[in-house]
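Throughout, read-outs are computed from the coordinates displayed, never taken from laboratory work. Predicted, not measured: the structure shown is a model, and the values here were computed from it. Cβ sites come from the backbone with ideal geometry, for glycine too, and all protein chains shown count toward neighbours.
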Amino acid sequence: MKSKTKILIGIGIAVLILLIFGGKVIGWRNHLVELDEQVKKSWANIENQLQRRMDLIPNLVETVKGYAAHENEVLTEVTKARASVAGASTQQEQIDANNQLTSAISRLLVVVEKYPDLKANQNFLALQDELAGTENRISVERRRYNEAVNALNGTRRKIPYSFFAGSFPEAVYFEAAPESKEAPKVSF
C-alpha cells in the first residue's frame, strides 16, 4: 500500500512538473507571437503614414511645377521615387524606396528655397505643413517599429525563446539612407 501511494505521488508530481513546464513553453511561444504581432502592427502604421505622404506628393509637385518649371530634374526625381515606392513589393524594397523618396523630397524643399513667391503661396504652405507633419509621423512610426523589431529580435536570441524562434523570422530594421547623412546644399 505504501509503495503504491509513493508511485501515485511520484506520478502526480511528474504530471504537475510537466504541466508547469508545458505552461511555461506555451507562455514563451505566446510572448514571441505578441512581439511578432507588434512588429507587424508597427510596420502597418509606417505604411499608413507613407501612404499619406504618397497622397500629398502629387499635389506638392504640381504646386511647385507652376512656380519652378525649369526645375524638372528634381520634380522628375520625386515622381520616379514615388513610383518606386508604389512598385515596391517586399518590406526591404519599401524601406529602400522610401529612403529614396525622403531624399528626393529633401532636394525638392531645397529648390523651394529659391522661389520666395512659392514659399508665400497659401496652397504650397498648407501642403508643406501637411508634408512636414507627415514626415514627423513617419519618423515616430519608424522609431516605434525599430523598437518593436529590437524587442522581437532581442527576445528571439534569448534562452528559452531561441528554441522556438525558428518560426519567427528575424525582423529588419528601418534604417536611414546613406545620403540622408549629408546636409542638402542650398545655393542661390
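To the nearest 10 degrees, how steep is helix 122-157 against the longest Cα principal axis of the chain, on a 0 to 90 scale?
Tilt of helix 122-157: around 20 degrees.
If I stretch the segment between Lys24 and Asn150 completely, what's the gain in nm (0.36 nm per residue apart, minus their alpha carbon distance), one decimal?
Values: separation 126, 0.36 × 126 = 45.36 nm, distance 2.28 nm.
So the chain would gain 43.1 nm between Lys24 and Asn150.
Along each principal axis of its Cα atoms, how long is the chain end to end? Whole angstroms, biggest number first, please.
Each principal axis gives a Cα extent; for the chain these are 100, 28, 26 Å.
Taking the Cα centre of each part, how many Å lie between the stretch 1-64 and the stretch 109-177?
23
Could you give the angle, 0 to 90 degrees to the nearest 10, between helix 2-67's Cα long axis and the longest principal axis of the Cα atoms of the chain?
Helix 2-67 and the main axis of the chain meet at about 0 degrees.
Neighbour counts of other C-beta atoms within 10 Å: give me Ile17, Ile95 arranged from fewest to most. Don't skip to the answer; put the middle values down first.
Numbers: Ile17 10, Ile95 20.
Arranged by neighbour count, lowest to highest, Ile17, Ile95 become Ile17, Ile95.
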